[in-house]
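Working notes for the structure below.
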Amino acid sequence: MQDTATLSAERLMPGVISYETPRVADDYCRWDDSGSWLLGYPFLPLALGLDELPGAHLVDLGCGPGDLTCWIADRHPIRTTAVDASAAMLDLARSQHPHPAVDYRLSLDNGMPFLDDGCADAAMASFLFTCIDDRKLMQILVDEVARVLHPGGRFTILMPNPDQVHDAAFEGFHRGEPGVRYRSGDTLPVRLRREDGSWASITNTYWARETFQEVLAEAGFTGPTTELTPLLADAYGVADPALIASRPWTAERERPPFILITATR
Ligand SMILES: C[S@@+](CC[C@H](N)C(=O)[O-])C[C@H]1O[C@@H](n2cnc3c(N)ncnc32)[C@H](O)[C@@H]1O
């Protein structure tokens with residue numbers, strides 16, 4: 001079993017980037033992400049409108065181990081550039097989730113110099129900004145997404161719902177401490193259940209939804225913005241029926257664990 005103290009020490013290396021060691025990257029793949037597969041991940045293609053974008057070029061920033069990237073690529077006739085700052089994560093992605101329509105790339109100084117201006121039709125960042133602890137860096141990353149997206153292209157950010165901290169007992173994760181009110185940019189303790197039932201303690205950064213709106217506007221996302229906060233009832237017809245039936249999903253009936261913010265370039 002992974003020792004949480006060691007995990008935190010590895011994770012909290014200076015320089016913002018998380019998941020940079022093979023051990024942390026590997027541990028990430030052991031987290032119980034069934035809640036994300038219920039009310040997060042399957043809503044990304046809907047928010048991006050991928051059904052209406054055959055042949056599209058999708059950029060997945062902070063792709064991690066590539067399971068989500070490939071799940072989307074298997075279901076849509078698109079090509080994806082999947083980008084991450086962690087070589088360890090990309091090693092996992094390339095070995096465990098290779099896909100003919102997915103090109104895994106290492107970002108360079110938080111940029112994507114291998115992508116031309118306006119070359120992408122859509123972009124997504126799934127649980128990337130929880131591990132970005134600096135608003136300026138968030139702006140740099142969103143500016144870079146805006147550069148590679150062509151006008152009219154959508155960018156969807158999937159995040160834990162900032163309005164649901166510490167008092168909701170979601171399946172698989174607990175965020176924050178009781179009685180603490182978090183402000184944008186604050187460090188937030190998070191407990192994540194692993195598939196073997198043990199728990200990992202990590203830290204995330206809490207970002208308010210207003211911060212995303214500001215950063216997106218500053219980056220030039222001037223088109224319509226929408227927000228989706230799915231509940232269990234929304235999962236029918238979207239998520240795997242076996243997953244829906246597998247657990248009680250008590251908190252998920254009333255409290256949306258995630259938010260998808262979609263902005264238009
Ligand atoms: C929580 S994981 C999310 C992985 C995947 N998108 C998912 O939803 O399962 C966050 C990922 O963002 C990557 N990351 C962190 N900082 C980054 C940065 N500045 N640029 C690109 N990727 C970054 C990490 O290496 C990690 O793979």
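Quick look at the numbers
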quantity	calculated
Cα gyration tensor of the chain - equivalent ellipsoid semi-axes, whole Å, descending	26, 21, 20
L108 versus A217: modelled label distance in nm, points set 7 Å from Cα along the beta carbon direction	3.4 nm
For D186, residues with placed amide H under 5 Å, excluding near neighbours	Y206
Gain in span if fully extended, T250 to R135, counting 0.36 nm per residue against the direct Cα distance	38.0 nm
Farthest toward positive dipole pole in the chain [+1 Lys/Arg, -1 Asp/Glu at C-beta], among H150, L68, L115	L68
Helical mean residue ellipticity (222 nm; -39500 (n - 2.57) per DSSP H run of 4+; nearest 500) of the chain	-8500 deg cm²/dmol
From phi via Karplus (6.51, -1.76, 1.60), per-residue ³J(HN,Hα) for the stretch 182-197 in Hz, x at Gly/Pro	9, 10, 4, x, 6, 7, 10, x, 10, 10, 10, 7, 8, 5, 8, x
The stretch 189-260, relative contact order [Cα under 8 Å, separation at least 6], %	26 percent
Net length gained if the chain between V238 and T226 were fully extended (0.36 nm per residue, minus Cα distance)	2.5 nm
W199 long-range amide H proximity, modeled H, under 5 Å	R194
Packing-based ranking, highest mean first, of 184-192, 257-265 given that Cβ atoms within 10 Å are counted	257-265, 184-192
Long-range amide H partners of A123 with built H, under 5 Å	V59, R154, F155, T156
The stretch 4-264 - charge dipole about Cα centre, Lys and Arg +1 at Cβ, Asp and Glu -1, debye rounded to 20	340 debye
Inter-probe distance in nm under a simple model that places probes 7 Å from Cα toward Cβ, at Q96 and R181	4.0 nm
Rel. contact order, % - alpha carbon contacts under 8 angstrom, at least six apart, the stretch 4-264	22 percent
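None of the figures in this text is laboratory data; all of them are computed from the coordinates on show. This structure is a prediction, so every number in the text was calculated from the model and none was measured. Positions of Cβ are backbone-derived with ideal geometry, glycine not excepted, and every protein chain shown enters the neighbour counts.
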